[in-house]
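The values are calculated or read from the model by the stated rules, or taken from the named source; none is laboratory data. For clarity, every value in this text was computed on a predicted model and none was experimentally measured. Virtual Cβ from ideal backbone geometry, glycine too; neighbours counted across all protein chains shown. These area figures cover heavy atoms from the full protein model, side chains too; ligands, DNA and RNA do not enter into them. Shrake-Rupley method; radii C 1.70, N 1.55, O 1.52, S 1.80 Å.
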Amino acid sequence: MIYDHILVRYGELALKGKNRTAFEKQLQRNIKHALTAHPTSKIKRTFGRMLIEIHDEDPKEMLEKLKHVFGISSFSLAIKTENEEEKIKEGALQAFLNHSPKAATFKVSARRTYKPFPIPSQQLNPVVGAHILRNTEGVTVDVHNPDVEITVEVREQGTYISCGRIEGAGGLPVGTSGKVMLMLSGGIDSPVAGYMALKRGVDLEAVHFHSPPYTNERARKKVEDLTQILTKFGGKIKLHIVPFTDTQKAIHQHIPSSYAMTVMRRMMLRITAHIAENRGAKAIVNGESLGQVASQTLDSMYSINEVTNLPILRPLVTMDKQEVIQIAHHIDTYETSILPYEDCCTIFLPSDSKTKPSREKSNRFENRFDFQPFIEEAVQKVETVELGPASGKKENMIDDLL
């Protein structure tokens with residue numbers, strides 16, 4: 001194999017001004033973590049690019065892992081040469097022949113960030129192109145719609161030559177936007193919401209409400225598996241499992257059925273807010289889409305949001321179900337999400353849930369019974385499971401969340 005580097009390009013990071021270095025350093029850490037299984041690869045930062053050295057290993061697995069790293073706009077296999085005209089021309093020819101031996105047309109796109117190099121970018125294009133034409137047969141230049149675009153980047157460290165680009169995940173590097181708490185139900189929507197939040201650079205932890213014996217261990221395992229899938233995009237994730245049975249029973253016994261769903265969501269939000277504050281999270285993320293079900297109407301959101309001052313982020317709020325399903329397929333959560341294991345939201349599900357519940361009635365019904373001990377007990381008994389992408393193993397721990 002002639003390639004010795006992977007050239008990583010940024011997206012939004014290029015617009016970050018004075019904060020750009022911090023974003024780049026976080027991206028470098030994330031790439032290093034994603035390539036843990038490739039310890040010989042070295043990652044270097046240079047202006048506007050990340051350079052990954054390839055040694056005696058097949059880069060296919062590395063390329064596949066880079067697809068999941070947020071903050072990357074695109075990346076390419078590249079050949080590094082010295083900043084000498086003849087070596088650049090020969091490197092470009094090798095890259096072109098290796099990339100697509102049967103290509104009929106090409107163009108050269110040169111970029112000179114190292115200004116002491118004597119040939120300007122616009123002059124380097126025909127110099128390299130002429131060399132390729134002289135050493136190939138049946139090949140022509142097409143600057144508008146070429147079969148292959150040969151990119152030549154002249155930098156201080158050397159010249160990097162690549163053909164073609166692999167699209168990256170885009171977004172911002174995970175860990176640059178603060179910590180959030182994802183309400184992870186086990187359905188189709190909430191894992192997609194977690195993925196979308198990770199794309200905006202958050203450090204994500206998840207909360208799942210578990211109601212044994214009404215929800216079984218397979219339902220819990222399903223949520224752990226969904227969290228495991230999300231670790232491909234965000235590294236290790238802590239999953240906080242909340243015992244919710246007693247709280248749900250109390251709601252069923254003391255709240256009118258038409259308001260049971262609203263009050264249950266308010267209790268879940270209260271508990272999640274407690275965990276978020278104890279874990280240093282600045283916002284809560286959920287998978288709600290406006291108008292999708294009774295608890296996701298604007299009136300319901302207004303009544304439910306009352307119980308916390310933390311921002312509630314809803315990445316899917318404007319999406320329809322088919323858009324969400326498409327993303328779920330893309331990130332490989334769909335098949336796990338549709339496994340037929342019930343979550344706590346389906347327990348004691350009333351048939352007459354209010355689509356326009358009022359805050360006043362929600363508070364009045366809640367004040368008939370003291371739910372505070374149930375909330376405190378649920379928070380105290382939270383079990384935390386940490387999952388990571390490297391080994392797929394999980395570590396059980398009881399966090400001191402108080």
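Give the accessible area for residue 314 in Å² (nearest 10); use a 1.4 Å probe, count only protein heavy atoms, and leave out ligands, DNA and RNA.
Result for residue 314: roughly 40 Å² accessible.
Probe 1.4 Å, all protein chains in place: accessible area of residue 119 in Å², nearest 10?
Accessible area, nearest 10 Å²: 20 Å².
In terms of solvent-accessible area of protein heavy atoms at a 1.4 angstrom probe, what is the ranking of 133, 298, highest value first? Write down the numbers at each step before the final one.
Working: 133 70, 298 120 Å².
If we order 133, 298 from most to least accessible, we get 298, 133.
Using 0.36 nm per residue, how much length does the chain from residue 179 to residue 372 gain when fully extended, once their Cα-Cα distance is taken away?
66.9 nm
Over what distance in Å are the Cα centres of region 15-56 and region 88-163 separated?
Cα centres, region 15-56 to region 88-163: 25 Å.
Classify region 100-245 as rounded, prolate or oblate, taking a ≥ b ≥ c as the square roots of the eigenvalues of its Cα gyration tensor: rounded when a/c is under 1.5, otherwise prolate if a/b is larger than b/c and oblate if not.
Cα axes put region 100-245 in the prolate bin.
Starting from the alpha-carbon convex hull of region 201-332, give the projected area averaged over all orientations, in nm².
Result: 8.7 nm².
For the chain, with every protein chain kept in place, what is the accessible area per residue (1.4 Å probe, Å²)?
That works out to 47 Å² per residue.
Given a Förster radius of 60 Å and the C-beta distance between residue 145 and residue 254 as r, what FRET efficiency does 1/(1 + (r/R0)^6) yield to the nearest 0.05?
Efficiency for this residue pair is about 0.30.
With all protein chains present and a 1.4 Å probe, how do 368, 279, 29, 111 order by accessible area, largest first?
368, 29, 111, 279
Relative to the present Cα-Cα distance, how much length would full extension add between residue 356 and residue 123 at 0.36 nm per residue of separation?
That works out to 77.2 nm of additional length.
How many percent of the accessible area of the chain is carbon or sulfur, using a 1.4 Å probe?
The computed percentage sits at 49.
Pull up all non-local amide H partners of residue 46: gap of 5 or more, or a different chain, and H-to-H distance under 5 Å with H placed in the peptide plane.
So residue 46 has HN proximity to 51.
At 222 nm, what helix-only mean residue ellipticity would the chain give, in deg cm²/dmol to the nearest 500, using -39500 (n - 2.57) for each DSSP H run of four or more?
Theoretical 222 nm ellipticity from helices: -11500 deg cm²/dmol.
Over 30 Å between Cα atoms: which of 25/381; 232/282; 222/356; 42/221 fall into that group?
Those over the limit are 25/381; 222/356; 42/221.
Aspartates and glutamates within cross-link reach of residue 67: Cα-Cα under 14 Å, excluding same-chain residues under 8 positions apart?
Residue 67 reaches 167, 332.
Would you kindly state how much longer the chain becomes between residue 380 and residue 67 on full extension, computed as 0.36 nm times their sequence separation minus their alpha carbon distance, in nm to one decimal?
Roughly 108.8 nm would be gained on extension.
When every alpha-carbon pair in the chain is counted, what percent end up more than 34 Å apart?
Beyond 34 Å sits 42 percent of the P(r) for the chain.
If you add up the charges near residue 112, with Lys and Arg at +1 and Asp and Glu at -1, over every other residue whose beta carbon is less than 9 angstrom from its beta carbon, what do you get?
Neighbour charge sum, excluding residue 112 itself: +2.
I want to check the label-to-label distance for residue 221 and residue 246. Put each point 7 Å from Cα in the C-beta direction and report it in nm to one decimal.
2.8 nm
In whole Hz, what ³J(HN,Hα) sequence does region 27-35 give by Karplus (6.51, -1.76, 1.60; θ = phi - 60°), x for Gly and Pro?
Calculated HN-Hα couplings, in order: 4, 4, 5, 5, 5, 4, 5, 5, 9 Hz.
Whole-Hz Karplus ³J(HN,Hα) for region 364-372, in order, using 6.51 cos²θ - 1.76 cosθ + 1.60 and θ = phi - 60°, x for Gly and Pro?
4, 5, 5, 6, 6, 9, 8, 8, 4
I need the phi-derived Karplus couplings for region 268-283: 6.51 cos²θ - 1.76 cosθ + 1.60, θ = phi - 60°, integer Hz, Gly and Pro marked x.
With coefficients 6.51, -1.76 and 1.60, one gets 4, 5, 4, 5, 4, 5, 4, 5, 4, 5, 5, 9, x, 7, 9, 7 Hz.
I need the calculated FRET efficiency for the pair residue 364 and residue 55, taking r as the beta carbon distance and R₀ as 56 Å, to the nearest 0.05. Kindly include the intermediate steps, with their values, before the conclusion.
Values: r = 68 Å, r/R0 = 1.22.
Once the sixth-power term is evaluated, E becomes 0.25.
Residues in region 167-188, backbone N under 14 Å from the label point at residue 338 (7 Å along the Cα-to-beta-carbon vector): list them, ranges by number please.
187-188
Just reorder 304, 327 by solvent-accessible area, largest first, 1.4 Å probe, all chains present.
327, 304
Over region 153-207, with a single point scatterer placed on each C-alpha, what log10 of the ratio I(q)/I(0) does the Debye formula yield at q = 0.18, 0.20, 0.27 1/Å?
Result of the Debye calculation: -0.67, -0.74, -1.01.
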